[in-house]
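One structure below.
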Amino acid sequence: MATPTRRLEKFRSAIHEFPRVVSTTQKLLRAAQLLDIPVFATTQLRDKLGETCPELGLDAPDGIQTKAHVDKSAFSMFVPELKKAFYELGEEKREVVVVGIESHICVTQTTLDLLREGHKVYVIADAVSSCNAQEVPVALARLRAEGAVVTTSESFLYECMGDAGIKEFKGVAGIVKEFNKATRENLEALSRPGQPKENDQNVVPSEYAA
């Protein structure tokens, strides 16, 4: 199992329900630590669009340590540097969890690349979004049709554990309980992406716009 993640600080005000996507990603990253799931991350044109948002604590001294944290210009995360680190875990086909932004661009192209390599890909519906909220359901429908598993963070975590008898269960269940209210609110907000809030700015950073 591996978890690629992508969050860019400069998109904070542009992405539909950005704080909710961050919240779900925090939950998944904490559970990944307990379940010993390797984490991979990318930034997109870091010098223009900024670092991964600090709330995730990626590669901080007391935070989540990634197997690779790569800057790129390609929209897919599966660039040569990250791909090299990914296959250093082994050549076997893997189950991969994809979260991040934007659903219809980087999430889609990363997922398609992983599917082409023969991996099973989970796209976490409450951990992806786009500047244009209406893009999200279209992207998720396409990825489901292409063979990805589109699911929720809680469903994925329980599928990943599989059995309440494993030693990690109590810790992961505690994280799920801690995020219970946030998960409910995040799903409610992100499952209706065609109805952005009035205060959603939906302005794409100029460095990223065509």
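Give the residues of the stretch 126-138 that are surrounded by fewer than 24 Cβ atoms within 10 Å (Cβ to Cβ) and either polar (S, T, N, Q) or under 11 Å from the mean Cα position of the chain (by Cα) (or both), sorted by residue number. Answer for the stretch 126-138, where residues must be surrounded by fewer than 24 Cβ atoms within 10 Å (Cβ to Cβ) and either polar (S, T, N, Q) or under 11 Å from the mean Cα position of the chain (by Cα) (or both): N132, Q134. Filtered by the rule that a residue be of a type in the set (D, E) and under 21 Å from A32 (Cα atoms), the stretch 52-88 gives E55, D59, D62, E88.
Only one of the numbered conditions (1) at pLDDT 95 or above; (2) crowded, with 19+ Cβ neighbours inside 10 Å; (3) out of contact with any Gly (no Cβ under 9 Å at 6 or more places or on another chain) is violated by E159, and that is (2). Contact map, the stretch 159-172: first residue within 9 Å of L35 (Cβ to Cβ), second residue charged (D, E, K, R), Cβ cut-off under 7 Å, separation 6 or more or different chains; pairs are M161/E168. For the stretch 156-177, does any single residue satisfy the condition of being under 26 Å from R12 (Cα atoms) and charged (D, E, K, R)? No, that holds for no residue. Looking only at residues in the stretch 142-173 that are assigned to a loop (DSSP other than H, G, I, E, B) and acidic (D, E), the one that is farthest from the chain's Cα centre (by Cα) is D163. Residues in the stretch 12-27 that are among the aliphatic types (A, V, I, L, M), surrounded by fewer than 24 Cβ atoms within 10 Å (Cβ to Cβ) and touching a residue at least 60 places away in the same chain (Cβ under 8 Å): A14 alone. Within the stretch 178-185, is even one residue out of contact with any Phe, Trp or Tyr (no Cβ under 8 Å at 6 or more places or on another chain), at pLDDT below 50 and on the phi < 0 side of the Ramachandran plot? Checking the stretch 178-185: not a single residue is out of contact with any Phe, Trp or Tyr (no Cβ under 8 Å at 6 or more places or on another chain), at pLDDT below 50 and on the phi < 0 side of the Ramachandran plot.
Here T110 meets the list (1) in contact with a Gly (Cβ under 9 Å, 6 or more places away or on another chain); (2) without any contact (Cβ under 8 Å) to a residue 24 or more places away in the chain almost entirely, failing just condition (2).
The values are calculated or read from the model by the stated rules, or taken from the named source; none is laboratory data. All values reported here derive from a predicted model rather than from experimental measurement. Note: ideal-geometry Cβ built from the backbone for every residue, glycine included; neighbour counts use all protein chains shown.
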